[in-house]
Structures are given as structure tokens and as C-alpha cells.
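Values in this text are rule-based calculations from the coordinates and carry no lab data. Just so you know, these numbers come straight off a predicted model, no measurement behind them. Note that each Cβ is placed from the backbone with ideal geometry, even for glycine, and that neighbours are counted across all protein chains shown.
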Amino acid sequence: MKIAQVVSLAESVPPQSKNGLEFVVSWLTEELVKRGHQITLFAPANSKTKAKLVSLFPQGISREEWLIWSKKNYSDWNTSLVASMSQKFDLIHSHTGTIFQFIPFINCPVVYTIHEPYNDNLRKKYLSQQRYKKYIKFIINQYKKVHYVNISQKQARDFIHCQHYYFKNHTTIYNGIPVKKFSFNNQPQDYLLYLGYINKDKGADLAIKIAQQSKMKLILAGGIIGQEDFYKYKIKPYLNRRIKYIGPVDFKQKNELYKNALATLTPLRWHEPFGLTLIESQACGTPVIAFNRGAARELIKNNKTGFVVEGVTQAIESIKKIDSIKRKECRDWTENKFSVERMVDEYENLYKKYIQPNKQTAIL
């Protein structure tokens, strides 16, 4: 199959010193290439891939100081480029919502993986308002032409609110990771780990609170770009010899942090649609203590590979029971349910469903 994989231009594929969807796109792309498919990746030029790479910028635009990338969506140009070349592909797989405005100019099927949480503003403000129906009919017709992939059942249940308007064709495919690249360790050290953006939604301050009240060591790792005030007032005053912030980490560093941690904390305040940190940690044998938000109950086998809790108090109680978790079961759970191979199997089946063999296919 001839498949285009397209991302926003914010980061390279895979990303540098961050977690996120660019890792998933990288693992998906490389496995598809390995299986003999002709893959073209539309991403910044510093991406590393065995696919054909098409680039508009030398590196992720979040790292280009001369671009005020948060003020204008330069990624529109990436999806514009893939749309202009759509006749070369059997299918376009988009990982950015900028694809929709170019659907009228694309002459092959489009699969869109939703990596973002559900936002009900579109439905409430426009879709459900009778006075807007005739004006936005063209827009909604474009949304209907795409096949959606949800990355968790929780996310799918949220988007079902829009099923009446455009969300009829959808499939849930869990993200997968290359489990063998994560080092299993059955003899952890005595610290807790928080890995992710240092912000309120991710609950970095709550991780500190849990560690303090548990009298445990804590390592915080992740970027603070755009969150300088949060870091200054909610994190920095509490750092000491037992609670340390080490900044952003690359893949090798995070692998070491995961495998040596007693447990990983994900005290989310928001409904994250997936959460790579949860499955990466378990791949190393490290149980996760997660707040009951987003897809936590789908990614953790509660009381077996970690604990899904309702707040700080329950998190502290879970730390006392952490020795009841068998780290090998964490690894086995991840291998069986969240491997790259399983993810790519499911995407291949989905692609084949929308590609008519030996003839050019119009959008759905």
C-alpha cells in the first residue's frame, strides 16, 4: 500500500526531549515500512525514518525562534502539501486536525487519528443550533468523509456526542510501543517518578504532594515551556535533595528513569485520551499510580499492574501496597495489549478496508 503519514510541524518524528504522538507516528511508520509498504512521511527534515521524508522546515517549528508558531498554524502548509500530492497515495493517514479544510481537494481515502481530548464547543455552538445548519452543511460534509480512529474507549464515548452529525465511521485502536526497546527491571530503586510536561493539568504539583506526604523520593522530568509561572510558584519552592527536577529527557534517559523507579505517578487533572507514560512505565515493569481520569482504567490492570485512584489520599495508600504488584505482570500486560505489532496489525486491516485494490479510490 502507498500510504502518506502526516503530522503537524511542531516536532520532529520521533520528537526530541518530549513524549507524545510523534513517537507513536514514528513507531507506526517504521513498522509499516518494515512490512513492505510504501510510506511517505510529511514531517520536519530532522525526523529520522526509513520512509520517504517530505519536509517544509529543517526542524520542528516549536524550535524555530524566528517563527511565532503558537500564533499561526504553519502546519496548514503540511496538510496542503499532502493534499496536492494525494493522487500518489492509496490513502492518507493524518495525525493533525488541519487535514479537514483540504478534504475537498483530496482524491483518496483519509484516516484521521484523534490524539486530542474531546471538546464539546463545536457541537454546542454550531452543530446543534438550527440557524447554522444550512451555513455549515459544506463543512460537516467534509467531516463525514473521514474515517476516525480513537485511541481509547473513553475518548470514543466522548466523541459519540457528535455521531448524529459526522462521527459515524470510527474505530478504536490503542497506541502501541516497541516493548523490547524498554528495559525490564525487577529490582527497582526507592524513588517515585513523574514524567511529563510540568503543568497543572498533568498534576506535577500533586506528584510533589504525594511524595511529601509519603516521605518518598521523587524525580520530576519534563519540559516547562509556557509554564514558567507554574514552575516558579508550584514546583521550584518544594525542590530539595529528596524532590528533584531534572528537566526534559530523551528516550535513553527516560528508559533508565522508568526501569529504576518504584512507581510512576500520573495524577492528572484532565481527561487525557491515552497516556504513553502509563504503558511505557509498565513495559519496564514499573507499576503506575494514576488518578481516575481519561483512559487510566483501560491502560492499567487495577491492583495488578498499578492502581487507579480517586485522589492524593488514595495514591498515598497505594504506595504502601506497591510491593503487592508483580513487575513481570506489568511487562506481560504491556506486551500482550500495547505492542507496536498489534497496533500496526489493526491499522493495516483498517487501511485495506478503505482501499480498493488495483484502482484509484475516491474519498468514501
Could you run the Karplus curve 6.51 cos²θ - 1.76 cosθ + 1.60 with θ = phi - 60° over the stretch 79-85 and give me ³J(HN,Hα) per residue in whole Hz, x for Gly and Pro? 6, 4, 5, 5, 5, 5, 10
So, over other residues within a Cβ distance under 12 Å of TYR233, counting Lys, Arg +1 and Asp, Glu -1, the net charge is +1
Once both axes come from the Cα atoms, what is the angle between helix 251-260 and the longest principal axis of the chain, in degrees from 0 to 90, rounded to 10? 40
Give me the distance in nm between label points sitting 7 Å out from Cα along the Cα-to-Cβ direction at THR172 and LYS52, one decimal. 3.6
Once the dipole of the stretch 208-299 is set up with Lys and Arg at +1 and Asp and Glu at -1 on Cβ about the Cα centre, which of THR266, PRO287, LEU239 lies farthest towards its positive end? LEU239
Taking +1 at the Cβ of each Lys and Arg and -1 at the Cβ of each Asp and Glu, which of ASN302, GLY222, GLN189 sits farthest along the dipole of the stretch 179-337 towards its positive end, judged by Cα position relative to the Cα centre? GLN189
Expressed in nm to one decimal, what extension gain is obtained for the pair LYS328 and TRP77 from 0.36 nm per residue of sequence separation less their Cα-Cα distance? 85.8 nm
On Cα atoms only, tilt of 327-337 relative to the major axis of the chain in degrees: 10
Let me know the charge dipole size of the stretch 106-243 about its Cα centre in debye, to the nearest 20, where only the beta-carbon of Lys, Arg (+1) and Asp, Glu (-1) is charged. 400
Relative to the chain, whose Cα atoms define the longest principal axis, helix 340-354 and its Cα axis are tilted in degrees, nearest 10, by 20
How much length would be gained if the chain were fully extended between ASN107 and GLN153, taking 0.36 nm per residue of separation minus their Cα-Cα distance, in nm to one decimal? 13.6 nm
Classify the chain as rounded, prolate or oblate from the Cα gyration tensor: take a ≥ b ≥ c as the square roots of its eigenvalues, call it rounded if a/c is under 1.5, otherwise prolate when a/b beats b/c and oblate if not. prolate
Calculated P(r) tail over 12 Å for the stretch 244-285, as whole % of Cα pairs: 65
Distance check, please: which entries in LYS181/LYS259; LYS244/LYS320; LYS254/LYS321; LYS259/LYS328; LYS209/LYS236 exceed 20 angstrom between their Cα atoms? LYS244/LYS320; LYS254/LYS321
So what is the orientation-averaged projected area of the stretch 179-337, using the convex hull of its C-alpha atoms, in nm²? 8.2
Candidate aspartates and glutamates - alpha carbon under 16 Å from LYS145, same-chain residues fewer than 8 apart omitted: ASP90
With unit charges on the beta carbons (Lys and Arg positive, Asp and Glu negative) and the dipole taken about the Cα centre of the chain, which residue among PHE57, ILE39, THR113 sits farthest to the positive side? THR113
When 1/r is averaged over all different Cα pairs and the result inverted, which Kirkwood radius in Å belongs to the stretch 121-170? 11.5
Among the listed pairs LYS124/LYS200; LYS50/LYS252; LYS137/LYS202, which are separated by more than 30 Å between their Cα atoms? LYS137/LYS202
Plugging the Kirkwood radius over Cα pairs into Stokes-Einstein for the stretch 165-207, at a temperature of 25 °C and a viscosity of 0.890 mPa s, what D comes out in µm²/s? 163
In nanometres, the difference between 0.36 nm per residue of separation and the alpha-carbon distance of SER183 and ILE140 is 10.9 nm
Taking the Cα centre of the chain as origin, sum charge times position over the Cβ atoms of Lys and Arg (+1) and Asp and Glu (-1), and report the length of that vector in debye to the nearest 20. 540
Cα-based radius of gyration of the stretch 215-260 once divided by 2.2 N^0.38 Å, which approximates compact folds: 1.23
